[in-house]
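What follows is a set of notes on a single structure, which appears directly below.
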Amino acid sequence: MAMALRPIDNALPTTPERPKKQAKVAVPIQKQSDIGVNDENKAPFSVPADATIDYISSENLKPIPDPDSKIQSLIEGLDSKDWIKVCESLNNVRRLAIYNSALLFPVLEKVMMVLVKAMKNPRSALCKTSIMASSDIFNAFGDKLFDPTMSDAFDHLLLQLLLKASQDKRFVCEEADKALNAMVGSLTPLTLLQKLRSYVSHTNPRVRAKAAISISNCVSKMGLQEMKEYGLVTLVQMGADLLNDRLPEAREAARSVLISIYNGFVENEEHKQEAWQSFCQSNLSPIHAQSIVKITSQ
């Protein structure tokens, strides 16, 4: 049962995340896996109310015949007032990311800020296409997104994906979940964890839960040395705090985080339970230590 939420864009002092209800263009979600292209011959604002946007999966996107010339017009297309043109340009971003990532890299910061703007748009077609583009960008560029020149744009993009994954629109929410999974699968977990950390304190419980799930997926990929580099005590305390979170998804993610830490911690310990219990009791409140030892002993 959907619960009433407070505004969830508080971390970005920009346009409201959830605008007042507006007329929507019907985008039949059953066509999500269809392959096709938009009709470029239609006038921008003569689009019928039932206009369809085809959501093309990454493996079905074809290379751009003349990518060098397309880069020149790409930003112009992304800045268009015609939302269908923006969708077409976003699909060109995806094609360039997959087949010509070196050409796309010099304008990548600008592209990511356009993705953020499109995700805030009340048109579901724009929102979903931009989320799909973010998945392709994660897969194509990986740790290059941690470049200092990209840092601000990446932070905005990460927040928007967590917000979209927390929404009620199922087909937007599911696509954002896929993008977050692509992000965790493509980027070094230690650095990504540092960016995700602040969102487990977000005021919106759904955002906290989505961040916790991504953190859990990061920690499951880390060895003990990486965990120690991040801070073993910090990780365990974060897991302990999330055990009492409001949503079951956050609590389940916390259990997964703690089990991953436990497995890494005891791997080379002879007296596994004793060493772990001693570590928890030394670094946590008695009630937290007791909860964690109980979870990991199962």
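Taken together, the values in this text are just the output of simple stated rules run on the coordinates, not laboratory data. Computed from a predicted structure; not experimentally measured. With ideal geometry, Cβ positions are generated from the backbone for all residues, glycine too; neighbour counts draw on all protein chains shown.
Put in order of Cβ neighbour count within 10 Å, fewest first, the listed residues Tyr199, Tyr230, Tyr99 become Tyr99, Tyr230, Tyr199. The stretch 73-97 and the stretch 132-197 have Cα centres lying 20 Å from one another. How would you classify the stretch 91-237 from its alpha-carbon gyration tensor, with a ≥ b ≥ c the square roots of the eigenvalues: rounded for a/c under 1.5, else prolate if a/b is greater than b/c, otherwise oblate? Oblate.
By the gyration tensor of its Cα atoms, with a ≥ b ≥ c the square roots of the eigenvalues, what is the shape of the stretch 219-298: rounded for a/c under 1.5, prolate for a/b over b/c, or oblate? Oblate shape, in that a/c is at least 1.5 and b/c is the bigger or equal ratio. Full extension of the segment from Asn60 to Asp241, taken as 0.36 nm per residue of separation minus the current Cα-Cα distance, would add 60.9 nm.
Expressed in units of 2.2 N^0.38 Å, where N is the residue count, the Cα radius of gyration of the stretch 151-203 is 1.12.
Using the Cβ of Leu242 as centre and a radius below 14 Å, the other residues enclosed give a net charge of +3, where K and R count +1 and D and E count -1. Neighbour counts of C-beta atoms inside 10 Å place Asp168, Asp241 in the sequence Asp168, Asp241, starting with the fewest. Could you compute the FRET efficiency for Ser201 and Asp143, with r as their C-beta to C-beta distance and R0 at 22 Å, rounded to 0.05? With R0 = 22 Å, the Cβ-Cβ based efficiency is 0.30.
If the segment from Glu229 to Lys110 were pulled out straight at 0.36 nm per residue, it would be longer than the present Cα-Cα gap by 39.6 nm. For Leu258, the shell of other residues with beta-carbons less than 12 Å away shows a net charge of +1, using +1 for Lys and Arg and -1 for Asp and Glu.
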